[in-house]
Amino acid sequence: MGNAIEDRLLELEALAKKLSPPAGERGDVFKEYHSLSERFLEDLEDKNTFQEGISDSDIYTIDGKPESLETTISTIENDLFQKGINAASGGHLGYIPGGGIYMSAIGDYLAAISNAYSGVYYASPGAVEMEHACLNWLKSIFGFPATAVGNLTSGGSIANMIGLASARDYQNILENGIQKSVVYFTEQIHHSVKKSLRILGLHQMIVRIVPMDGENRMDVRQLRDLIQNDIENQLTPSIVIASAGTTDTGAVDPLDAVADIAESFNLWMHVDAAYGGFFILTDTAKEKFKGIERADSLVCDPHKGMFLPYGIGCVLIKNAEAVFESHKVSANYMQDAVDAVLPIDPADVSPELTKHFRAFRMWLPLKTYGIEPFKSALEEKLLLTEYFRENVVDLGFEIGPKPDLSVTYFWYPQPENENDFNQKLMKLCHQDGRVFLSSSKIDNRFVIRLAVLSFRTHKSEIDKTLRMLSDNLEKLI
Ligand SMILES: *Cc1c(COP(=O)(O)O)cnc(C)c1O
């Protein structure tokens, strides 16, 4: 009997060990995937950024049987890497481009190899210290106090949700008459904020859309008037959400003035700096962020402005109790942890318990390069946007107001059917694919957007964009 079990165990072990190959086999497979990644990277500069098309679902199907390395690599190289927007390309100038710096890939690799448990301090003190080191550095650049709490999330959406959950609980909105509580933001707010409000049950609040000035920034005089009017009508102004870099127009709301108003009327001030936050590191734009340090909660997205691969956002919150109210399991336990000697567990500041060890991908590049190359890249993005605006006007385009940051919009003027014309031009550019731009509607006008935020976008990519626009314009006029 005993022997039968032992025999079976040996058999199972031999099969299960396929999952932990020996050194030689690891080396072989690593070499193949490493050269695949090198081919991808070496191709980036010359290849188109956008290829419309669909993938063949058959080649992705999992049938439970192993496939040859060659076939798998072919799926990745010939399909995955070929279709849609190449987000690693410097020609990605649509939506808000992402990053993908190499050192982060190494960080992710080591995070996966070690599989350190980064949700709870005692499980991996080093992993949690690494997250706190990232958060402390972020607090320092945004002028937040060391006592603020924070979390490295999967992105800006979850970060917004954690910040707004804290606002909800700090203001006791669910208990104090949600239908009389008011939240204020402009029409340029990112849609993830509206989604968060719904998930959090805050969609029953009264929403006031604050008018904007000519540069798409929140008009603070109108904000004050709206609040005063609401107070006169026995409503409860509770939350104001400012954008530090709107996605469509690259505008930064006047944060210091919003903070004055939030302070005098006891509103929770949340700042969504998911797109623009890291421009605070530049000499050129840092002035525009004055007042961000006065926010109650703040969201930034290292997978945008720090050029890290997708899957890392951040929220910072000054009032720890407010975030623990909903994110920490036990209210009694809460008190200890606030005074605890041990660093705060990331799991207490997030809906996530077990999480991707994402601090590694942020910490490693900062340790390797320091901050200067990031600052220079961000300065470069601001200047490239200016360079583009000057040159696109020479092609006959009209441009939106000077942006605060690195997103701008433009359109080709037409005596009639202007929107149709620009939509056609957008379509031709998408078929062209040399670089990728996206469009939007601003004041009922179809506009083409340029968003410069990829670390691989340099002058040559902007020149390529101008050539692409002019070549396709010729087809229409
Ligand atoms: C991108 C973005 C978000 C959403 O962040 P994700 O990382 O995509 O979840 C929120 N707000 C603004 C201003 C953004 O640009």
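The values are calculated or read from the model by the stated rules, or taken from the named source; none is laboratory data. Keep in mind that what you see is a predicted model, and the values were worked out from it rather than measured. Cβ: placed from backbone, ideal geometry, glycine included. Neighbour counts: every protein chain shown.
Give all pairs with beta carbons closer than 6 Å in which a residue from the range 257-278 that is more than 16 Å from the ligand (Cβ to nearest atom) meets a residue that is small (G, A, S) and not in a strand (DSSP E or B); count only pairs at least 6 apart in sequence or on separate chains.
Matching pairs, first to second residue: A259/G291; W268/A167.
Please find, within the range 17-33, the residue that is farthest from the chain's Cα centre (by Cα) out of those that are surrounded by fewer than 10 Cβ atoms within 10 Å (Cβ to Cβ) and assigned to a helix (DSSP H, G or I).
Per the criteria, the residue is G24.
Which ones in the range 281-307 are in a helix (DSSP H, G or I) and surrounded by fewer than 24 Cβ atoms within 10 Å (Cβ to Cβ)?
L281, K286, E287, K288, E293, R294
When only residues in the range 1-23 that are over 27 Å from P66 (Cβ atoms) and hydrophobic (A, V, I, L, M, F, W, C) count, which is modelled with the lowest pLDDT?
Applying the filter and picking the extreme gives M1.
Please find, within the range 161-179, the residue that is farthest from the ligand (Cβ to nearest atom) out of those that are farther than 12 Å from V323 by Cα and not in a loop (DSSP other than H, G, I, E, B).
Out of the qualifying residues, it is Q179.
Considering only residues that are in contact with a strand residue (DSSP E or B) (Cβ under 8 Å, 6 or more places away or on another chain), surrounded by 24 or more Cβ atoms within 10 Å (Cβ to Cβ) and assigned to a helix (DSSP H, G or I), which ones fall in the range 256-279?
The answer is V258, A262, G277, F278.
Pairs needed: first member in the range 157-169, under 22 Å from H303 (Cα atoms); second member anywhere, within 11 Å of the ligand (Cβ to nearest atom) and assigned to a helix (DSSP H, G or I); C-beta distance under 6 Å; at least 6 residues apart or different chains.
Qualifying pairs under 6 Å: S157/S192; N160/S192; N160/V193; N160/S196; M161/S196; L164/S196.
Do any residues in the range 1-30 that are in contact (Cβ under 8 Å) with a residue 12 or more places away in the chain have Cβ atoms under 9 Å from those of residues that are surrounded by 10 or more Cβ atoms within 10 Å (Cβ to Cβ) and among the aliphatic types (A, V, I, L, M), where the two are at least six apart or on different chains, and which pairs are they?
V29/L69
Which of the following residues is surrounded by 13 or more Cβ atoms within 10 Å (Cβ to Cβ) and within 30 Å of S439 (Cα to Cα): G53, G91?
G91
Which residues, taken from the range 435-458, are part of a loop (DSSP other than H, G, I, E, B) and within 23 Å of L378 (Cα to Cα)?
Hits for the range 435-458 are V435, L437, V452, L453, S454, F455, R456, T457, H458.
Suppose the filter is over 28 Å from the mean Cα position of the chain (by Cα) and under 26 Å from P211 (Cβ atoms); does E398 pass it?
yes
For a quick check of your reading of the model, give me the residue pairs whose first member lies in the range 237-250 and is at positive phi, whose second is part of a loop (DSSP other than H, G, I, E, B) and more than 9 Å from the ligand (Cβ to nearest atom), with beta-carbon atoms closer than 8 Å and at least 6 apart or on different chains.
Short answer, once both residue conditions are applied: G245/A251; G245/D404; G245/L405; G250/P403; G250/D404; G250/L405; G250/S406.
With the structure loaded, tell me whether F388 is modelled with pLDDT of 95 or more, in a helix (DSSP H, G or I) and of a type in the set (F, W, Y) or whether it fails that test.
yes
Enumerate the pairs (first residue in the range 181-195 and under 16 Å from L298 (Cα atoms); second residue anywhere and of a type outside the set (D, E, K, R) and at pLDDT below 95) with beta-carbon separation below 6 Å, excluding pairs fewer than 6 apart on the same chain, so at least 6 apart or on different chains.
H190/T247
Could you list all residues from the range 203-216 that are in contact with a strand residue (DSSP E or B) (Cβ under 7 Å, 6 or more places away or on another chain) and either touching a residue at least 60 places away in the same chain (Cβ under 8 Å) or part of a loop (DSSP other than H, G, I, E, B) (or both)?
M205, V210
Residues to consider are I76, I62, I96; find the one that is touching a strand residue (DSSP E or B) at 6+ places or on another chain (Cβ under 6 Å) and of a type outside the set (G, A, S).
Within the list I76, I62, I96, the selection yields I96.
So, in the range 214-247, of the ones that are modelled with pLDDT under 95 and away from the ligand (no atom under 16 Å from the Cβ), which residue ends up surrounded by the fewest Cβ atoms within 10 Å (Cβ to Cβ)?
The qualifying residue surrounded by the fewest Cβ atoms within 10 Å (Cβ to Cβ) is G214.
If I filter the range 68-75 for residues that are part of a loop (DSSP other than H, G, I, E, B) and within 16 Å of the ligand (Cβ to nearest atom), do I get at least one hit?
no
Residue-wise test of (1) assigned to a loop (DSSP other than H, G, I, E, B); (2) hydrophobic (A, V, I, L, M, F, W, C); (3) within 16 Å of the ligand (Cβ to nearest atom).
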site	(1), (2), (3)
P66	yes, no, no
Y95	yes, no, yes
A105	no, yes, no
A116	yes, yes, no
A133	no, yes, no
I141	no, yes, no
F144	yes, yes, no
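Working carefully through the options L202, L197, find the one that is within 16 Å of the ligand (Cβ to nearest atom), among the aliphatic types (A, V, I, L, M) and surrounded by 17 or more Cβ atoms within 10 Å (Cβ to Cβ).
Checking each option against the conditions leaves just L197.
Out of G313, G291, report the one residue that is within 11 Å of the ligand (Cβ to nearest atom) and in contact with an Asp or Glu (Cβ under 9 Å, 6 or more places away or on another chain).
G313
Return yes or no: is D404 surrounded by fewer than 23 Cβ atoms within 10 Å (Cβ to Cβ) and either in contact with a Phe, Trp or Tyr (Cβ under 9 Å, 6 or more places away or on another chain) or not in a strand (DSSP E or B) (or both)?
For D404, the condition - surrounded by fewer than 23 Cβ atoms within 10 Å (Cβ to Cβ) and either in contact with a Phe, Trp or Tyr (Cβ under 9 Å, 6 or more places away or on another chain) or not in a strand (DSSP E or B) (or both) - is not met.
Only residues that are part of a strand (DSSP E or B) and away from the ligand (no atom under 13 Å from the Cβ): list them for the range 146-159, please.
Matches in the range 146-159: V149, G150, N151.
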